[in-house]
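What follows draws every value from the coordinates through simple rules; no lab data is involved. Bear in mind that the values here come from a model prediction, so they are computed numbers and not experimental data. Heads up, the Cβs are rebuilt from the backbone with ideal geometry, glycines too, and the neighbour counts pull from every protein chain shown.
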Amino acid sequence: MSKLIANFATTISMGKINYLNNGKRSCPVKVEMELSLRANKEGYEYWEFTARGKVFNHIGTDIYMGGQCLDEIYDFRKADKDFKKVYGWWKNYHLNDLNAGTREQEQAIKEWKQTHTYDYSAVCEYLKEIGIYEVPFHGYTVSKKYNGESYRYGSEWVIELIPEDVVEEMKAFIGSHNGTVKLYDEEHKYGKDITDKVFKKGA
């Protein structure tokens with residue numbers, strides 16, 4: 001389990017869509033995104049990205065759809081500049097510290113899934129067949145740093161690092177959409193709001 005250090009977050013209203021297919025754009029859409037600074041068990045700090053969507057009923061008292069539904073929302077909001085930006089980040093970086101495999105392994109699985117339904121045991125057998133069930137790995141997991149040691153698929157959570165320029169773009173985006181920033185204590189139970197300091201004073 002990684003340690004939470006700081007969290008940037010925002011909720012963006014994306015207008016209304018014709019979700020009920022009745023010719024009326026009556027269903028409000030909101031997208032929530034978070035960028036969290038975390039540390040693995042050895043203290044290595046990295047950024048984790050998450051995003052999720054919600055489609056509400058016309059009076060906003062309940063949702064028709066929520067969670068990892070940005071693919072479904074895309075059909076309605078693909079012309080929206082803000083949605084397209086968050087959608088791109090979600091496709092590339094959502095839960096970037098919860099990868100069962102290295103980049104090489106995940107790419108092979110992605111291609112395999114074009115003709116198969118994911119099943120952990122079947123995936124492991126496939127990776128063994130093509131010789132990459134265990135591979136030399138240079139990078140980080142939520143537990144430690146690997147310096148070329150063998151990594152076995154599914155044995156840990158691999159961190160896919162978000163490029164620093166993308167992290168800065170995400171921060172600026174959150175700041176421009178009334179985002180909040182919280183700094184967490186050693187127990188990561190209490191978040192101190194430092195939004196004004198980060199976004200309004202440029203510190």
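Figures for the structure shown
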quantity	calculated
Distribution of pairwise C-alpha distances over the chain, 10 Å bins, in %	8, 27, 30, 24, 9, 1
Proximal aspartates and glutamates to Lys171, defined as alpha-carbon separation beneath 13 angstrom and excluding residues fewer than eight positions away on the same chain	Glu34, Glu48
Rounded to 10°, Cα long-axis angle of helix 81-93 versus longest principal axis of the chain	20 degrees
Only Lys, Arg (+1) and Asp, Glu (-1) charged, at Cβ; the chain dipole about Cα centre in debye	920 debye
Calculated SAXS-style log₁₀ I(q)/I(0) at q = 0.14, 0.17, 0.20 Å⁻¹ - the range 116-203, Debye, Cα scatterers	-0.77, -0.88, -0.98
Interchain or long-range residues, amide H under 5 Å from Met14's placed H	Val29, Lys30, Val31
Built amide H within the under 5 Å cut-off of Tyr19, gap 5+	Ser26, Cys27
Peptides ranked, highest mean first, by Cβ atoms within 10 Å: ranges 144-153, 2-11, 170-179	2-11, 170-179, 144-153
Protection proxy ranking, peptides 85-92, 130-137, average beta carbon neighbours within 10 Å, highest first	85-92, 130-137
Binned Cα-Cα distances of the range 103-152, short to long, each 5 Å bin given as a whole percent	5, 19, 28, 21, 15, 9, 2
Mean separation of Cα contacts under 8 Å, 6 or more apart, over the residue count of the chain: relative contact order %	22 percent
